[in-house]
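Single-structure report; data block below.
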Amino acid sequence: MTVRIGLIGAGGMGRAHLARITNELSGGKIVAVADINHDAAVSAAEPYGAKAYDSSDELINDPDVDAVVIATFGKVHAPDVIKCIEAGKYVLCEKPLATTAEDCIKIMEAEQKAGKKLVTVGFMRRFDAGYNEMKSVLDAGEHGYAMLIHCRHRNPSVPENYTTRNMIDDTAIHEIDICRFLLGEEIVSVRVDTPRSTSHRFEHLTDPLVLQAKTQSGVLIDDEINVNLQWAYSIECELVMETGAVRLGDQEKIHIRDANGNRNAMCQSHIDRFQAAFNAEFQSWINAVARDEHTGSTSWDGYAATSVVDAGLESLDNGGVEVKVTMIDKPAFYA
Ligand code: ISE
């Protein structure tokens, strides 16, 4: 079966997904694109012979659309995700699932009413080979249990409309999710510190930040969020167990050795660094939809990440105090 896919949101990320589904993956076909900017919808849809819609409602209700990818801004995700659920369609929604915990709860309620897991959140790192190997090493248990995770999330630069809050709700949200994935437990408290800022930032930013989080079993996570590095997109992660540590590779393809030293090229964007993970995520989703099954992170994962983000933002607003993460009990549906 070919899965007929509709995309909502024809920005850079959405277009990258259109290209991967068409050129790099199998089993999926782009049949419709919706964007409130009519010209953007038309120009994104045209190369794929897809229909262009100005409204997400039309796309979700189109009987030719089997499943939906949402790549709009986080603030407008919730109503579209709920409409997809009500239409009985699988939906892969870019992170964050929603920008408030209340909206994530509404999504979970709609999904439970539908009686079927239909929502996958675009936490693509769960499909990254390196993180999966790290998880296998931890789960094998040979080195004891996890005690610490050291993370670095470094972007070369960010646009002027990016805010200090985005360092948590748009950037660190990836570490929040991947640490939950690696450890298989929830984060219970968060604090955010503000070291000296780089001169390479827009004046309104406080950059870098350091987010520290504690999990149910007491694992301490530290995350350097540093978004005006200038020289690379660099993601690091080291998980420290009792008798060993496992570190994420740099994913370098080659090393050059010459009179200037031994070096490898650095990635410059998340699309570059996580290309293989995005492809694996989307291929897995297309295959699962064709089998009428769910894959990847759930609405619960989206809710948990947003709840931790909320605590992080509260800490940022209150001078770095430790803030408890408040969450509802996990519904059995997501066990
Ligand atoms: C962006 O939205 C992403 O998802 C990237 O993975 C992250 O590195 C970047 O900071 C975000 O703005």
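For the range 231-329, the direction-averaged projected area of the alpha-carbon convex hull comes to 11.7 nm². Taking THR194, THR171, THR215 as the candidate residues, the one with maximal mean-square fluctuation in a Gaussian network model of the chain, Cα springs under 10 Å, is THR194. Computed over the alpha-carbon atoms, the chain gives an Rg to Rh ratio of 0.97, Rh here being the Kirkwood radius from the mean inverse distance.
Structure shown: which of LYS106/LYS330; LYS29/LYS117; LYS117/LYS214; LYS135/LYS324; LYS83/LYS113; LYS83/LYS116 lie over 18 Å apart, alpha-carbon to alpha-carbon?
Checking Cα-Cα distances, LYS29/LYS117; LYS117/LYS214; LYS135/LYS324 exceed 18 Å.
For ALA52, the residues whose amide H sits under 5 Å from its own are VAL33, ignoring neighbours fewer than 5 places away on the same chain, with H placed 1.01 Å from N. Sites listed here are chymotrypsin sites (Phe, Trp or Tyr not before Pro) in the range 107-205 whose DSSP assignment is loop and whose Cβ has at most 15 other Cβ atoms within 10 Å: TYR145, PHE202. Taking all protein chains into account, the per residue accessible area for the chain stands at 45 Å² (1.4 Å probe). If you wrap the tightest convex hull around every Cα atom of the range 146-187 and split its volume per residue, you get 77 Å³.
With respect to the chain, whose longest principal axis is taken over its alpha-carbon atoms, helix 77-86 is tilted by about 50°. Dipole orientation for the range 191-307: of the candidates LEU248, ALA280, GLY261, GLY261 has the Cα lying most toward the positive pole (charges on Cβ; Lys, Arg +1; Asp, Glu -1). Just checking the listed ones, GLN283, GLN275, GLN216: in the Gaussian network model of the chain with Cα springs under 10 Å, the one fluctuating most is GLN216.
Taking GLY11, GLY320, GLY115 in turn, the Gaussian network model of the chain (Cα-Cα springs below 10 Å) assigns the largest fluctuation to GLY115. Share of carbon and sulfur in the accessible area of the chain stands at 50%, probe radius 1.4 Å.
When the surface is traced with a 1.4 Å probe over the full set of protein chains, THR22 keeps roughly 70 Å² accessible.
In the range 6-68 the Cα-Cα distances spread across 5 Å bins starting at 0 as 4, 22, 34, 27, 11, 2 percent of all pairs.
Largest accessible area first, the listed residues LEU239, LEU229 line up as LEU229, LEU239 when surface is computed with a 1.4 Å probe on the assembled protein chains.
Separation of the range 40-113 and the range 3-28 by C-alpha centroid, Å? Between the Cα centre of the range 40-113 and that of the range 3-28, the gap is 13 Å. Calculate how steeply helix 299-317 sits against the longest principal axis of the alpha-carbon atoms of the chain, using the helix alpha-carbon long axis, and give the answer as 0 to 90 degrees to the nearest 10. Relative to the chain, helix 299-317 is tipped by roughly 50 degrees.
Using DSSP loop states and a limit of at most 10 other Cβ atoms within 10 Å to flag trypsin sites (Lys or Arg not before Pro), what is the longest stretch of the chain containing no flagged site?
Longest stretch, sites excluded: 1-195.
Solvent-accessible surface of protein heavy atoms, probed at 1.4 angstrom with all chains present, puts MET266, MET241 in the order MET266, MET241, largest first.
The C-alpha atoms of the chain define a longest principal axis, and helix 129-140 lies at about 60 degrees to it. Using the rule -39500 (n - 2.57) for each DSSP H run of four or more residues, divided by the residues of the chain, the 222 nm mean residue ellipticity is -10000 deg cm²/dmol.
Along Cα→Cβ, 7 Å out, is where each label goes; now give me the distance between the ones at ARG291 and ALA265 in nm to one decimal. In this crude label model, ARG291 to ALA265 measures out at 3.5 nm.
Over the range 275-335, the pair-distance histogram of Cα-Cα distances with 10 Å bins from zero comes to 19, 31, 27, 19, 4 percent, rounded to whole numbers.
The values are calculated or read from the model by the stated rules, or taken from the named source; none is laboratory data. Remember, predicted model here, so these are calculated numbers, not experimental data. Because the Cβ atoms are built from the backbone with ideal geometry, glycine has one as well, and the counts that use them run over all protein chains shown. Note: areas computed on protein heavy atoms with side chains; ligands, DNA, RNA excluded. Shrake-Rupley method; radii C 1.70, N 1.55, O 1.52, S 1.80 Å.
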